[in-house]
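Worksheet: the structure to be examined is printed underneath.
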Amino acid sequence: MRPLFSFALLLLYCSCYTNNRECEQFHKGTFEFKTIVGDKILKSIFVRDTRYEVETFEGKIDSASIRWINSCECVLTKIHPSSNQDKRPVSIKILSTSKNRYVFEYALVGDSNNKQRGTIYKIKN
């Protein structure tokens with residue numbers, strides 16, 4: 001009887017847990033994203049408002065329009081793509097949030113087999 005009771009408590013605890021997703025606070029502001037490529041840590045800084053995102057990466061500035069599908073999902077489309085790859089929009093889904101960061105997954109629209117995950121930090125409102 002004891003293992004059944006323990007299992008029931010565990011099931012109840014797990015079913016009550018939900019990720020915190022207060023996504024609206026990340027619709028505007030200045031953000032930082034770091035990623036590891038090979039043996040280097042690359043950093044990107046971007047400023048976002050409700051319609052646009054301007055990114056600085058390795059001294060280059062790029063801009064994209066942003067369309068929010070719901071409060072936690074958006075699509076980024078580069079305004080001045082330099083290649084066919086850049087013409088494809090990127091789908092972003094915020095998975096969880098905390099005070100100054102969010103965990104997200106992203107992929108080219110239509111390419112859900114190649115989703116990546118990352119964490120973005122809000123560094124300024």
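The values are calculated or read from the model by the stated rules, or taken from the named source; none is laboratory data. Being a predicted model, the structure only gives us computed values, none of them experimental. Don't worry about glycine lacking a Cβ; one is built from the backbone with ideal geometry, like all the others, and counts go over all protein chains shown. Note: accessible area is taken over every heavy atom of the protein model, side chains too, but ligands, DNA and RNA are not part of it. Shrake-Rupley method; radii C 1.70, N 1.55, O 1.52, S 1.80 Å.
I need the phi-derived Karplus couplings for region 57-65: 6.51 cos²θ - 1.76 cosθ + 1.60, θ = phi - 60°, integer Hz, Gly and Pro marked x.
9, 6, x, 9, 9, 9, 10, 9, 8
On average, how much area does the Cα convex hull of region 27-84 cover when viewed from any direction, in nm²?
4.8
Pairs of alpha-carbon atoms within less than 8 angstrom and 6+ residues apart define the contacts here; what relative contact order does region 35-111 have, in percent?
16 percent.
Identify the GluC sites (Glu not before Pro) of region 34-125 meeting these criteria: DSSP loop state and at most 10 other C-beta atoms within 10 Å of the C-beta.
Sites meeting the loop and neighbour criteria: E58.
Would you kindly derive the ³J(HN,Hα) couplings of region 37-51 from the backbone phi angles with the Karplus curve 6.51 cos²θ - 1.76 cosθ + 1.60 (θ = phi - 60°), listing them in order in whole Hz, with x for Gly and Pro?
10, x, 10, 10, 9, 9, 10, 10, 10, 9, 10, 10, 10, 5, 10
With every protein chain kept in the model, how would you rank H80, H27 by accessible area, 1.4 Å probe, largest at the top?
H80, H27
Please turn the phi angles of region 116-125 into ³J(HN,Hα) values with the Karplus equation 6.51 cos²θ - 1.76 cosθ + 1.60 (θ = phi - 60°), one per residue in order, whole Hz, x for glycine and proline.
10, 10, x, 10, 10, 10, 7, 10, 6, 6
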